[in-house]
1. Under the Karplus relation 6.51 cos²θ - 1.76 cosθ + 1.60, θ = phi - 60°, what is the ordered set of whole-Hz ³J(HN,Hα) values for the stretch 33-45, x standing for Gly and Pro?
2. Cα centroids of the stretch 25-52 and the stretch 1-22: how far apart, whole angstrom?
3. Between the DSSP loop rule and a limit of at most 10 other Cβ atoms within 10 Å, which GluC sites (Glu not before Pro) in the stretch 1-95 are left?
4. Only Cα pairs within less than 10 Å get springs; with that Gaussian network setup on the chain, which residue of 46, 97, 31 has the largest fluctuation?
5. Just to confirm the number: angle between the C-alpha axis of helix 71-84 and the first principal axis of the chain, 0 to 90 degrees, nearest 10?
6. When the chain is treated as a GNM, springs tying every alpha-carbon pair under 10 Å, which of 58, 38, 68 comes out with the largest mean-square fluctuation?
7. Normalising by the residue count of the chain, find the relative contact order in percent from Cα pairs under 8 Å and 6+ residues apart.
8. What does the extension gain come out to for residue 10 and residue 35, with contour length at 0.36 nm per residue minus their alpha carbon separation?
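Nothing in this text is a laboratory measurement; each read-out follows from the coordinates by a stated rule. These figures come from a predicted structure and were not determined experimentally. Note that each Cβ is placed from the backbone with ideal geometry, even for glycine, and that neighbours are counted across all protein chains shown.
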Amino acid sequence: MDKSKIDLYLTTNAKYFEASAIPIIRQKLEKATDETFLTLQASELKDPTTLLLISIFLGSLGIDRFMLGDTGMGVLKLLTGGCCGILTIIDWFTISKKTKQKNLAIISMIM
């Protein structure tokens with residue numbers, strides 16, 4: 001894999017991952033084929049900032065959890081009003097990290 005392609009991909013998508021995961025992703029990209037790299041570029045990653053804003057404004061409805069694919073917690077938040085607001089407030093502080101972990105899981109499935 002071309003080093004400039006890897007650097008460009010990581011520079012462009014660094015906000016979607018935790019800083020500690022970047023070296024791991026770099027190693028996987030160096031071993032990846034061109035087809036795998038194209039599949040990776042076509043995959044949609046979730047933006048942590050967008051999910052944080054959705055969590056702040058619509059978190060009590062569970063929309064942030066539904067967007068992450070965490071349907072069970074989404075239904076729980078929807079039916080209980082975010083567990084009377086407690087789970088909603090917790091998600092305000094943890095949703096960005098969960099989003100970045102979800103993005104790393106998407107990359108791990110592709111590679």
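1. Residue by residue, the stretch 33-45 yields 7, 5, 5, 5, 5, 5, 5, 5, 5, 7, 6, 8, 9 Hz.
2. 8 Å
3. 44
4. Among 46, 97, 31, the largest GNM mean-square fluctuation belongs to 31.
5. 40 degrees
6. The residue with the greatest mean-square fluctuation here is 38.
7. Computed over the chain, the figure is 31 percent.
8. In short, 7.3 nm is gained.
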